[in-house]
Amino acid sequence: MATAQNRAQAVPGSGLNDDIGEDKRLAIYRSQLRIREAEQRAYDLFLQNLVKGTSHLSLGQEAVATGFAEAMQKGDLSFCTYRGHAHTLARGVSVEKVLGELMQRDNGLMRGKGGSMHLTSEAHGVMGSYAIIGAHLPIACGAAWRAQYKGDKDVSVCFFGDGTTNIGAFHEALNFAAVWKLPVVFVCENNLYMEYTPIGDVTAVPHPAADRAASYSLERIVIDGNDADVVYRTAQKAYAKARAGEGPSLIEALTYRHSGHSRADPAKYRPEGELEKWKERDPIKIYRERLKQFGVSDKVIAEIDADVRKEVDDATEACKAAPMPPLDILTTDVYADGGWAWRN
Amino acid sequence: MPEITYRDAVIRGIAQEMTRDNDVVFLGEDVAKAGGVFKATVGLYEQFGPLRVRDTPISEQAILGAAMGAAMTGLKPIAEIMFSDFFAVCFDYIANEFPKSRYMSNGQTKCPLVVRTGNGAGSRFGAQHSQSVENWCMMIPGLKVVAPSSPVDVIGLLAAAVRDPDPVIFLEHKSLYPTKGEVPDGEIVDRLGTAKILRPGRDATILALALMVPRALEAAERLKAEHGIDCEVVDVRSLVPLDTQTILGSVAKTHRLFTVEENPRLCGWGAEIVSIVADEAFYDLDGPPVRITTPHIPLPAADILEDIVLPTPERIVDAVRRSLQG
Ligand SMILES: Cc1ncc(C[n+]2csc(CCOP(=O)(O)OP(=O)(O)O)c2C)c(N)n1
């Protein structure tokens, strides 16, 4: 893996590889922490019965969403899954909008019409979260096709889990994107589990995405998904390739979810010690150390920590105070005329 | 007026819209160089080039998914699914993705695309290449569903579908491709959600769609000539939006309703219309509405079998005559 090497290069005073720069590093740290705190809060609010329905947290996987988002340019498009809070926050959607949607309030991103699994913010390039496994890979191809056709320079980035690689749409999309040479980047977050079943129990190859890449004449790429710098650099390379008209990439980022599949899952199926082992490689812990290695002071880090906590606290209060959505939105936007009439 | 085939009308309709708007792009299996399995896209590749008329792999999910992604971000794709039966392979897009994206995003996203497909029986293809799937689509909030019966309607309704801001399922009847009809020169643009009274009449209303339209017209001629029954034939054309005004108006005039569907009987569109009429115009009726449908069976392949399951002019004549004259 590229990881070990990157980490060695990142040690200050050793010919260090600081292509990323302090501003970007602080942004990457802040974004990961914002996702962590917001998702942790979502869980707390669920325990208080203020977040209803289901929600799928990305605790432990923050580096993937952050690294890919921080490497994007304005206008790039993201397509996420039902586990899409992280990707949505990473593109700059406010914590209040996301928590508001989870709390079914009128200040939510979709005023309660989408819910946890369906976050969309066109203004941020967040083109929807899709709850049918794999559905969005072909859709991302279509957005990339538009860019290719119109000569636009944006890239479509599509996030999904390891379990998704066994669905037909994954394979259709990869072949389609490869033969049409589309500017799309497919990102598999391999967190080792589908819902409750280890991915290895149901997949014929050890690396569910990367080991299939050759079938679509793509490079085999496996990265450390817990190191945001590695993710960021990988993203930059893939986006540059896409923008240069050289076609799609398929990236498998190895990571781990600290919580269960959804809020209903206590994750009893995990072998003893596995979670603890991964927590040593917690992306936020790794990144805090990274910042220190690069000479960022404890004070600066503490300020960011306090800032983010305040942001999440303020958002929580705003959501608690926000009204529930009015019932008259129930029948709006079924059709483009704004209504729901299917007959005259 | 010059006559052209339903097949050539498809080509002309697509070409008309691609000429008008550079954002209209077209994709599907064997549609470009080969001109389509039904030869309903011949010449488009030569006319519009490989960037706008694109052959895809056999990947129905990718075809419809890509059409959606392109539509969401600014193009106006027309996607072909070779046979409507294959909707089942990519039904996620038809049922879960296109129609729900606008609603779930509280109006942020749009999905202006057209899915064209060869629908219906009559070619002896058997149960997996002959179905009429309009009922699969009609029940889904957020979709529009159109099924033209004549060349001029093909062009006009296809243009309306391409220009429509919602996802439209455009069902071309396979058995109608070789049929001819008069089509004026120049641009043709129709309106979705408009039924057409093709034959005015006093005694009964016959509602039909696609291939059932010429059969209903033939039945109406025979009912008049042989039994003195004067039927009004209404081509429904569009199931969503549905022109209930024209339908209820016709029933108010004739007081009798017959629907002719090329579908398994259960949950057909005719049942929905009968229910609307029962709800809203019950006292206009002089007798029970009658649905003429295929039986609730998969479609057989042999011509002798396929021919008896689809409603025929004879069956329509018989049903109307028995209902009106006892
Ligand atoms: C087509 C489809 N099948 C099954 C499900 C139910 N389901 C929801 S999440 C999930 C597991 C997905 O695993 P993976 O792709 O690895 O993503 P992760 O949850 O690990 O992020 C399943 C089976 C679904 N939503 N859609």
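When the criteria are applied in full, A:ARG111 meets the requirement of being on the phi > 0 side of the Ramachandran plot, within 14 Å of chain B (Cβ to nearest Cβ), surrounded by fewer than 24 Cβ atoms within 10 Å (Cβ to Cβ) and away from the ligand (no atom under 16 Å from the Cβ).
The set of residues from region B:39-61 being crowded, with 19+ Cβ neighbours inside 10 Å and more than 9 Å from chain A (Cβ to nearest Cβ) comprises B:ALA40, B:THR41, B:LEU44, B:TYR45, B:PHE48, B:VAL53.
Scan region B:136-163 for residues that are in contact with a Pro (Cβ under 8 Å, 6 or more places away or on another chain), open to solvent by 10 Å² or more (accessible area, probe 1.4 Å) and away from chain A (no Cβ under 14 Å) and the total you get is 2. Of the listed requirements (1) part of a helix (DSSP H, G or I); (2) touching a residue at least 40 places away in the same chain (Cβ under 8 Å), B:GLN47 misses just one: (2). In region A:159-174, the residues that are open to solvent by 10 Å² or more (accessible area, probe 1.4 Å) form Cβ pairs under 9 Å with partners that are among the acidic types (Asp, Glu) and more than 9 Å from the ligand (Cβ to nearest atom), at six or more places apart or across chains, as follows: A:GLU172/B:GLU60. Scanning region A:154-170 for residues that are part of a helix (DSSP H, G or I) and either among the charged types (D, E, K, R) or in contact with a Lys or Arg (Cβ under 7 Å, 6 or more places away or on another chain) (or both) yields a total of 2. The set of residues in region A:208-222 being within 15 Å of the ligand (Cβ to nearest atom), of a type in the set (A, V, I, L, M) and not in a loop (DSSP other than H, G, I, E, B) consists of A:ALA210 alone. Taken over region B:221-242, residues that are within 11 Å of chain A (Cβ to nearest Cβ) and open to solvent by 10 Å² or more (accessible area, probe 1.4 Å) amount to 1. Quick check on my filter: what residues within region A:319-337 are more than 7 Å from chain B (Cβ to nearest Cβ) and of a type in the set (Gly, Ala, Ser)? A:ALA321, A:ALA322, listed by residue number. Residues of region A:124-134 that are more than 11 Å from the ligand (Cβ to nearest atom) and either facing chain B (nearest Cβ under 7 Å) or over 11 Å from A:ARG83 (Cα atoms) (or both): A:HIS124, A:GLY125, A:VAL126, A:MET127, A:GLY128. Quick check: is even one residue across region B:237-246 over 15 Å from the mean Cα position of the chain (by Cα) and closer than 17 Å to B:LEU324 by Cβ? There is no residue in region B:237-246 that is over 15 Å from the mean Cα position of the chain (by Cα) and closer than 17 Å to B:LEU324 by Cβ. One residue stands out among those in region A:147-158 that are open to solvent by 10 Å² or more (accessible area, probe 1.4 Å) and on the phi < 0 side of the Ramachandran plot: the one that is nearest to the ligand (Cβ to nearest atom), which is A:ASP154.
For A:ARG290, the requirement of being among the basic types (Lys, Arg), within 15 Å of the ligand (Cβ to nearest atom), away from chain B (no Cβ under 14 Å) and open to solvent by less than 30 Å² (accessible area, probe 1.4 Å) is not met. Among the residues of region B:10-27, is any open to solvent by 10 Å² or more (accessible area, probe 1.4 Å), in contact (Cβ under 8 Å) with a residue 24 or more places away in the chain, in contact with a Cys (Cβ under 9 Å, 6 or more places away or on another chain) and within 11 Å of chain A (Cβ to nearest Cβ)? Within region B:10-27 (the criterion being open to solvent by 10 Å² or more (accessible area, probe 1.4 Å), in contact (Cβ under 8 Å) with a residue 24 or more places away in the chain, in contact with a Cys (Cβ under 9 Å, 6 or more places away or on another chain) and within 11 Å of chain A (Cβ to nearest Cβ)), the answer is no, since none of the residues qualifies.
Of the residues that make up region A:74-84, is at least one more than 15 Å from the ligand (Cβ to nearest atom), within 14 Å of another protein chain (Cβ to nearest Cβ), in contact (Cβ under 8 Å) with a residue 60 or more places away in the chain and open to solvent by 10 Å² or more (accessible area, probe 1.4 Å)? Scanning region A:74-84, I find at least one residue that is more than 15 Å from the ligand (Cβ to nearest atom), within 14 Å of another protein chain (Cβ to nearest Cβ), in contact (Cβ under 8 Å) with a residue 60 or more places away in the chain and open to solvent by 10 Å² or more (accessible area, probe 1.4 Å), so the answer is yes. How many residues are more than 20 Å from the chain's Cα centre (by Cα) and either of a type in the set (Ser, Thr, Tyr) or open to solvent by 10 Å² or more (accessible area, probe 1.4 Å) (or both) when one looks only at region B:247-272? Selection size over region B:247-272: 8. Selection over region A:4-43 of residues that are small (Gly, Ala, Ser), at pLDDT below 95 and within 16 Å of A:ILE286 (Cα to Cα) gives a count of 3.
Per-residue answers, yes or no, for (1) small (Gly, Ala, Ser); (2) within 16 Å of the ligand (Cβ to nearest atom); (3) more than 24 Å from A:CYS141 (Cα to Cα); (4) within 14 Å of another protein chain (Cβ to nearest Cβ):
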| residue | (1), (2), (3), (4) |
| --- | --- |
| A:ASN175 | no, no, no, yes |
| A:PRO206 | no, yes, yes, no |
| A:ARG257 | no, yes, yes, no |
| A:PRO271 | no, no, yes, no |
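Condition check for A:VAL202 on (1) of a type outside the set (Ser, Thr, Tyr); (2) under 20 Å from the mean Cα position of the chain (by Cα); (3) more than 25 Å from A:MET72 (Cα to Cα): one failure, at (2). If the condition is being facing chain B (nearest Cβ under 8 Å) and in a loop (DSSP other than H, G, I, E, B), then region A:135-153 contributes only A:ALA135. Consider region A:177-191 and keep the residues that are touching a strand residue (DSSP E or B) at 6+ places or on another chain (Cβ under 6 Å) and within 10 Å of the ligand (Cβ to nearest atom). The one that is nearest to A:ALA144 (Cα to Cα) is A:CYS188.
Residue pairs whose Cβ atoms lie under 7 Å apart, sitting 6 or more positions apart in sequence or on different chains, and linking a residue in region A:113-133 that is of a type in the set (Lys, Arg) to a partner that is at pLDDT 95 or above and open to solvent by less than 20 Å² (accessible area, probe 1.4 Å), are A:LYS113/A:ILE329.
State yes or no: is A:GLY225 away from the ligand (no atom under 14 Å from the Cβ), buried (at least 24 other Cβ atoms within 10 Å of the Cβ) and not aliphatic (A, V, I, L, M)? Against the criterion (away from the ligand (no atom under 14 Å from the Cβ), buried (at least 24 other Cβ atoms within 10 Å of the Cβ) and not aliphatic (A, V, I, L, M)), A:GLY225 does not qualify.
The values are calculated or read from the model by the stated rules, or taken from the named source; none is laboratory data. Computed from a predicted structure; not experimentally measured. As a convention, Cβ positions derive from the backbone with ideal geometry for all residues, glycine included, and neighbour counts pool all protein chains shown. For the accessible areas, the whole protein counts, side chains as well, though only heavy atoms, and no ligand, DNA or RNA atoms are used. Shrake-Rupley method; radii C 1.70, N 1.55, O 1.52, S 1.80 Å.
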